[in-house]
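Sharing a structure below in structure tokens format, with a few things to ask.
The values are calculated or read from the model by the stated rules, or taken from the named source; none is laboratory data. Every value quoted in this text rests on a predicted model; they were computed, and no experiment measured them. Ideal geometry is used to build each Cβ from the backbone, glycine not excepted, and the neighbour counts take in all protein chains shown. To get the accessible areas, we keep the full protein, side chains included, count just its heavy atoms, and leave off ligands, DNA and RNA. Shrake-Rupley method; radii C 1.70, N 1.55, O 1.52, S 1.80 Å.
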Amino acid sequence: MTVLDSEYSMLSDDDMPLASQSSCNGITRNGHVATNGAGSGKGRVFDADGDTPMSEVDDDDVPLSQATRSTTAPTPSKRKRHPAPVSDSSDDDDRPLALTSSPPKHRRIAAAAAAPGARKNAAATSSTLAVSTNGKVKPEDNDSDDKPLNNRVASSSKRTKPNGAQKRKVKVELPEDDLESEDDQPAPTKKAPQPRKKRKVGADGDANSQPAKKAAPRKAKKESGSETEAVKPLAKKKGKAKKEEPEESKLKKEKSSEADAGENGAKKGKGRQKEKEEETEDVYKWWEQDPDQTVVSDGTQKWTTLEHNGVIFPPPYQPLPSHVKMKYNNKSIDLPPESEEVAGFYGAMLETDHAKDATFNKNFFDDWSKVLKKHPPRGGTIIKEFERCDFRPMFEYFEEEKAKKKALSAAEKKELKKQKDEMEAKYVTCSLDGRKEKVGNFRVEPPGLFRGRGEHPKKGALKLRVHPEDITINIGAEAPIPVPNIPGKWKEIIHDNTVTWLATWTENINGNHKYVFLAAGSSLKGQSDMTKFEKSRELKKHVERIRSDYQADLRNKVTQLRMRATAMYFIDVLALRAGNEKGEDEADTVGCCSLRCEHVTLEPPNYVIFDFLGKDSIRYYNKVTVDEQVFKNIKIFKRDKNDSHGLFDRVNPGYLNKHLQSYMKGLSAKVFRTYNASITFQGQLDEGTPETGTLQEKLNHYNHANRMVAILCNHQRAAPKTHDQSMAKMKEKLRGFKYDRMKLRHALLAAEPKYKKQKKYAEEESDMDEDAVAEHEEACKARELERTEKKFAKENEKLAEEGKDTQGDDVLRSRLRAIEDEYARLEKERGTRKATLKRDRAPEKLVEAIDKLEEKIKTFKLQMVDREAGKEVALGTSKINYLDPRITAAWCKKHDVPIEKIFSKTLLTKFPWAMEVEPDWKF
């Protein structure tokens, strides 16, 4: 029985409790565990190399707090690192490696169900655990085609590593506000495009502006259980219930409304058409113009004309009110604006886990002390000790301001958003070769405190304010030079059409180059994505030869070649990243090539235990069985070495990537990882998709396949802090469905006694005894009373805005009394096995309503299973960066699943080229 089968078997009986799902458990490190942006609120995705945002943007603007969980796995030890003697390096040093080709069926991946895409005799994983010490998982970048200019924007200070290799440049791109995260919800079915099996669209048309068929969204809505006729224990509402129309009747009405020339019909039609035109914009179908066009980092021309308006700088600092002062030795301190601003950065984070971190506090105070020397407190107070500082007054003021902003009326919030949108309108798009294209993120990061990820040695350091003099603008030679929105002049204006970035600058914390690119759905990004996935597909032709060669080299007499083969084995089997040697001022994270002896433990006869911090300080803990020769090799490599010595001390990522390129042009560790994720995902989908299953069953299988890839790639997270609360709400909602079914059954048996002989209608709800019913009704009553009061207040608020007389309190009392009376009636029905519905219905209608509710309960329990199973796995990372979107598009078409149920609106915008594939397309 597969993992998914066991999940489904649990759902056959409504009364069976939800089983706990197997998943990768988080590991505690310094009392904290991984999260995946659960608190970001903006659905951003992070990336180290530039296709998706850099580490500090979303991290540094939104306070994080972390959960604590216990674990049985040991915490990886931290020892002094021993620099590897190999000094080679390459531009691909920081690119990750992964698994390989389409594998035999018996292959197992990372302590999960069987997954294709791995080699023979793969390691059977006993446990895979991962954790982040700071709380976020960062997806890989989509491409690396845009390199920084060699001398024009490079950092002025370069540090030399102990082994002589120069510090690599890290390219990071500003985050796009609309790029999705793990918790992003799929796009609304009505608004997002549905992939169609065959269509021919002109060059100027919109390939995604129309759904393939109208029936699909309605089918999805029906199957997801969004409507039932079940009675709800709520107060009566005004107006008549709208009857559900047959499908044929709906289609006739739709056709007649299109042909209707009446005034009302015309107005409604125009309104809908105008609204649709506003929501959907013309998309340049580059894949139809020239299917072979690509974007690669080869120094070739990428564009002819480019015009844009630069970037938006954050507003200048506004001093706090005179009564808001931090304290030192219990005495209020009057700070100048420059020092007060930095103190405010820390004050705003006072209740976060960052403020409890010793390294964070030390780095903050060190940098703040430097600012205080230049801008000392008024009155002569000298601040020498961090422990004597009290930032609580600042924190309380910021919290009050947040509450005021949250309390604004809908109209006020809408007006503020309108003003913001108007101010930013000219920055949203640019003109590329005469076409309008969206810009990714045109906002310069505000100053703040660097948070980093994991045990980053610089967390808490001060991020300085960026000025126009720090930014290089890339624009067409004939285009007008944009004017900064604050005083100042650009650092440099260049006209380089061999790169695709619009602006760049170097941040002061790590010396990383930050870029502004076009949006994820732009033509250049789309071409880059398609090129990446096509290159990964090409690897299928070479992967068997690569595997055969490294198997032979496992016994090579040359130590370097044997090390390379063993590293390739782990990359193939475990999807480990390549890894890099890190400097002393960087987080101690490692990959395959930079593993130290302390990270790998041997256990006879053939077990290898990995325990290290990987990318973004996500803990990787795995006990695997390996080939006998691999076990012998590791034993040899560890001989006569200390724990701090490198395991593969004669191999580095540059050397490894150079070897891979001898098999295929452009092949690198990054390509390997993308290939293995996609081929594994394709195999998982092909293996067990329920052909005749419900929509939710198919979605659960899709998410199960996605989880297998996420586990393979170690895309883990800690369960969101709100997970338990969310599951409690879902259980309460499930109880509500069962309550409704109970009432319908009681009404049916009273109306038609013959149904008492049928168990389906006569049996009682096992978990709905009288106490449970009373508890449920009281909870519903409280919610309904609160909802009525809020609705009454909003109605009066709207009437006041329109200059009309508001409703009196007697109206509210009348509504509340009606609710009280309704629930008093329901209370009398408890234990009587009788139910009075709001309107009489024939027994056939009651049977139909009960059957609908049965399906709704089944679907909802499947959703609960899926939510529980995915609580510790970050699905978004692989979906955005590693899984060929054409796999999903083809699968959705083949199995009649609306792609809007899987891809958010952002992903549909990012991958329009993938929506054109046929249902039988394979990776």
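Looking at 833, 813, 783, which is the one that is basic (Lys, Arg), open to solvent by 70 Å² or more (accessible area, probe 1.4 Å) and under 36 Å from the mean Cα position of the chain (by Cα)?
Numbers: 833 fails: under 36 Å from the mean Cα position of the chain (by Cα); 813 fails: under 36 Å from the mean Cα position of the chain (by Cα).
Residue meeting the stated conditions: 783.
Just one of (1) part of a loop (DSSP other than H, G, I, E, B); (2) surrounded by fewer than 23 Cβ atoms within 10 Å (Cβ to Cβ) trips up residue 601, so point out which.
Going through the list (1) part of a loop (DSSP other than H, G, I, E, B); (2) surrounded by fewer than 23 Cβ atoms within 10 Å (Cβ to Cβ), residue 601 breaks only (1).
Using the structure shown, decide if residue 441 is under 30 Å from residue 494 (Cα atoms), among the polar types (S, T, N, Q) and under 27 Å from the mean Cα position of the chain (by Cα).
Working: under 30 Å from residue 494 (Cα atoms): yes; among the polar types (S, T, N, Q): yes; under 27 Å from the mean Cα position of the chain (by Cα): yes.
Here the answer is yes, as residue 441 does meet what is asked.
Is it the case that some residue within the stretch 281-293 is modelled with pLDDT of 95 or more, β-branched (Val, Ile, Thr) and buried (at least 20 other Cβ atoms within 10 Å of the Cβ)? Reasoning before the result, please.
Our first condition is that a residue be modelled with pLDDT of 95 or more; within the stretch 281-293, this holds for none.
So far as the stretch 281-293 goes, no, none of its residues is modelled with pLDDT of 95 or more, β-branched (Val, Ile, Thr) and buried (at least 20 other Cβ atoms within 10 Å of the Cβ).
The conditions are (1) assigned to a loop (DSSP other than H, G, I, E, B); (2) farther than 19 Å from residue 563 by Cβ, and residue 651 fails exactly one of them. Which is it?
Against the list (1) assigned to a loop (DSSP other than H, G, I, E, B); (2) farther than 19 Å from residue 563 by Cβ, residue 651 comes up short only on (2).
Based on what the data block shows, is residue 630 of a type in the set (Val, Ile, Thr) and either in a loop (DSSP other than H, G, I, E, B) or out of contact with any Phe, Trp or Tyr (no Cβ under 6 Å at 6 or more places or on another chain) (or both)?
no
Quick one: would you say residue 512 is open to solvent by 10 Å² or more (accessible area, probe 1.4 Å), modelled with pLDDT under 90 and more than 25 Å from residue 885 (Cβ to Cβ)?
yes
Further question on the same structure: Take the residues in the stretch 318-330 that are in a loop (DSSP other than H, G, I, E, B) and in contact (Cβ under 8 Å) with a residue 60 or more places away in the chain, then tell me which one is farthest from the chain's Cα centre (by Cα).
Looking at the filtered set, the residue picked out is 330.
Has the stretch 868-884 got at least one residue that is open to solvent by less than 10 Å² (accessible area, probe 1.4 Å), more than 17 Å from the chain's Cα centre (by Cα) and β-branched (Val, Ile, Thr)?
No; the residues of the stretch 868-884 include none that is open to solvent by less than 10 Å² (accessible area, probe 1.4 Å), more than 17 Å from the chain's Cα centre (by Cα) and β-branched (Val, Ile, Thr).
Let's see how each residue does on (1) closer than 21 Å to residue 922 by Cα; (2) not basic (Lys, Arg):
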site: 874; (1), (2): no, yes
site: 879; (1), (2): yes, no
site: 882; (1), (2): yes, yes
site: 886; (1), (2): yes, no
site: 894; (1), (2): yes, no
site: 899; (1), (2): yes, yes
site: 904; (1), (2): no, yes
site: 908; (1), (2): yes, yes
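Being more than 30 Å from residue 522 (Cβ to Cβ), small (Gly, Ala, Ser) and touching a residue at least 24 places away in the same chain (Cβ under 8 Å) is true for just one of 835, 800. Which residue is that?
Within the list 835, 800, the selection yields 835.
Please verify whether residue 746 is under 25 Å from residue 863 (Cα atoms), touching a residue at least 12 places away in the same chain (Cβ under 8 Å) and either charged (D, E, K, R) or surrounded by 12 or more Cβ atoms within 10 Å (Cβ to Cβ) (or both), treating the condition exactly as stated.
Numbers: under 25 Å from residue 863 (Cα atoms): no; touching a residue at least 12 places away in the same chain (Cβ under 8 Å): yes; either charged (D, E, K, R) or surrounded by 12 or more Cβ atoms within 10 Å (Cβ to Cβ) (or both): yes.
Criteria not met by residue 746.
Residue under question is residue 719, and the condition is that it be open to solvent by less than 10 Å² (accessible area, probe 1.4 Å), more than 16 Å from residue 539 (Cβ to Cβ) and either at pLDDT below 90 or in contact with a strand residue (DSSP E or B) (Cβ under 6 Å, 6 or more places away or on another chain) (or both); does it hold?
It is false that residue 719 is open to solvent by less than 10 Å² (accessible area, probe 1.4 Å), more than 16 Å from residue 539 (Cβ to Cβ) and either at pLDDT below 90 or in contact with a strand residue (DSSP E or B) (Cβ under 6 Å, 6 or more places away or on another chain) (or both).
Against the condition assigned to a helix (DSSP H, G or I) and surrounded by fewer than 16 Cβ atoms within 10 Å (Cβ to Cβ), how does residue 818 come out, does it pass?
Taking the combined requirement at face value, the residue satisfies it.
Residue by residue, here is whether (1) within 18 Å of residue 463 (Cα to Cα); (2) open to solvent by 50 Å² or more (accessible area, probe 1.4 Å); (3) at pLDDT 70 or above holds:
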site: 264; (1), (2), (3): no, yes, no
site: 279; (1), (2), (3): no, yes, no
site: 321; (1), (2), (3): no, no, yes
site: 327; (1), (2), (3): no, yes, yes
site: 340; (1), (2), (3): yes, no, yes
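Specify which of the listed residues (896, 851) is among the charged types (D, E, K, R) and at positive phi.
Within the list 896, 851, the selection yields 896.
It is to be established whether one or more residues within the stretch 516-524 are in a helix (DSSP H, G or I) and over 30 Å from residue 625 (Cβ atoms). Talk me through it step by step, then tell me what you get.
As a first pass, look at the stretch 516-524 and keep what is in a helix (DSSP H, G or I): 523-524.
The next check asks that each one be over 30 Å from residue 625 (Cβ atoms); those that pass are 523-524.
Within the stretch 516-524 (the criterion being in a helix (DSSP H, G or I) and over 30 Å from residue 625 (Cβ atoms)), the answer is yes, since at least one residue qualifies.
Checking residue 472 against (1) hydroxyl-bearing (Ser, Thr, Tyr); (2) open to solvent by 10 Å² or more (accessible area, probe 1.4 Å); (3) over 23 Å from residue 284 (Cβ atoms), which test does it fail?
Unmet for residue 472, out of (1) hydroxyl-bearing (Ser, Thr, Tyr); (2) open to solvent by 10 Å² or more (accessible area, probe 1.4 Å); (3) over 23 Å from residue 284 (Cβ atoms): (2).
Inspect the stretch 857-870 for any residue being over 30 Å from residue 714 (Cα atoms) and either aliphatic (A, V, I, L, M) or part of a helix (DSSP H, G or I) (or both) and give the result as yes or no.
Looking for residues that are over 30 Å from residue 714 (Cα atoms) and either aliphatic (A, V, I, L, M) or part of a helix (DSSP H, G or I) (or both), one finds at least one in the stretch 857-870, hence yes.
Here's the yes/no breakdown for (1) open to solvent by less than 20 Å² (accessible area, probe 1.4 Å); (2) on the phi < 0 side of the Ramachandran plot; (3) part of a helix (DSSP H, G or I):
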{"residue": "657", "(1), (2), (3)": "yes, yes, yes"}
{"residue": "664", "(1), (2), (3)": "yes, yes, no"}
{"residue": "690", "(1), (2), (3)": "no, yes, no"}
{"residue": "697", "(1), (2), (3)": "no, yes, yes"}
{"residue": "708", "(1), (2), (3)": "yes, yes, yes"}
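Residue under question is residue 617, and the condition is that it be of a type in the set (Ser, Thr, Tyr), touching a residue at least 12 places away in the same chain (Cβ under 8 Å) and either open to solvent by 10 Å² or more (accessible area, probe 1.4 Å) or in contact with a Pro (Cβ under 9 Å, 6 or more places away or on another chain) (or both); does it hold? Show your work before the answer.
On the way: of a type in the set (Ser, Thr, Tyr): yes; touching a residue at least 12 places away in the same chain (Cβ under 8 Å): yes; either open to solvent by 10 Å² or more (accessible area, probe 1.4 Å) or in contact with a Pro (Cβ under 9 Å, 6 or more places away or on another chain) (or both): no.
Against the criterion (of a type in the set (Ser, Thr, Tyr), touching a residue at least 12 places away in the same chain (Cβ under 8 Å) and either open to solvent by 10 Å² or more (accessible area, probe 1.4 Å) or in contact with a Pro (Cβ under 9 Å, 6 or more places away or on another chain) (or both)), residue 617 does not qualify.
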